[in-house]
Each structure stands twice: as structure tokens, then as C-alpha cells.
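Nothing in this text is a laboratory measurement; each read-out follows from the coordinates by a stated rule. Worth saying up front: this structure is predicted, and the values here are computed from it rather than measured. Reconstructed Cβ throughout: ideal geometry from the backbone, glycine too, with neighbour counts over all protein chains shown.
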Amino acid sequence: MSTARRVRIDDLGAWLLRANPRTGDVVEHLAEGLRNATTRCVRSSYRTDLVRPGQRVLLWVSGGSRELPPGIHGHW
């Protein structure tokens with residue numbers, strides 16, 4: 001991969017995390033403001049070295065359900 005296409009902290013807008021309501025209790029976590037979510041599985045890559053406290057995060061819900069249609073359902 002060319003370094004010109006790599007994500008850098010200088011040009012990072014927000015991290016996008018995906019959640020599937022069919023594989024976890026996304027509705028409950030969102031209702032609690034993610035206060036009780038203590039872990040998140042993130043595939044290790046050079047990007048994980050860029051993650052810092054206080055950076056913006058968007059939560060994309062996939063899979064679709066009656067309660068949570070696909071889309072962005074949280075931002076911090």
C-alpha cells in the first residue's frame with residue numbers, strides 16, 4: 001500500500017465502528033450511552049496504533065432490525 005493513501009492522525013475525521021444487532025445487544029448499549037460497553041473487537045492494523053482517547057467515533061449499525069435500521073446510531 002502506498003503511504004500516500006494511508007490514514008494519518010492529521011487527516012482523521014472520526015473512527016467508524018460497526019455493530020450488528022443480531023450478534024450483540026446494541027439496543028441496550030445505545031440506551032446506556034455505551035457506559036457498560038467495556039470492549040470492542042477491532043482488527044489489528046497500523047490504524048489501531050493511531051487510536052487515542054478523545055478522538056471522534058461513529059457507530060454504524062449494520063444488519064438491520066426493526067428497532068435499529070442500518071445507519072449511524074451514535075457519535076462520541
Next item on the list: Would you please name the residue that is farthest from Asp10 (Cα to Cα), looking only at residues in segment 21-69 that are touching a residue at least 24 places away in the same chain (Cβ under 8 Å) and part of a helix (DSSP H, G or I)?
Entry: Val27
Next item on the list: Give segment 9-20 a look and list any residue that's outside any helix (DSSP H, G or I) and either of a type in the set (Gly, Ala, Ser) or over 15 Å from the mean Cα position of the chain (by Cα) (or both), or say none.
Entry: Gly13, Ala14, Ala19
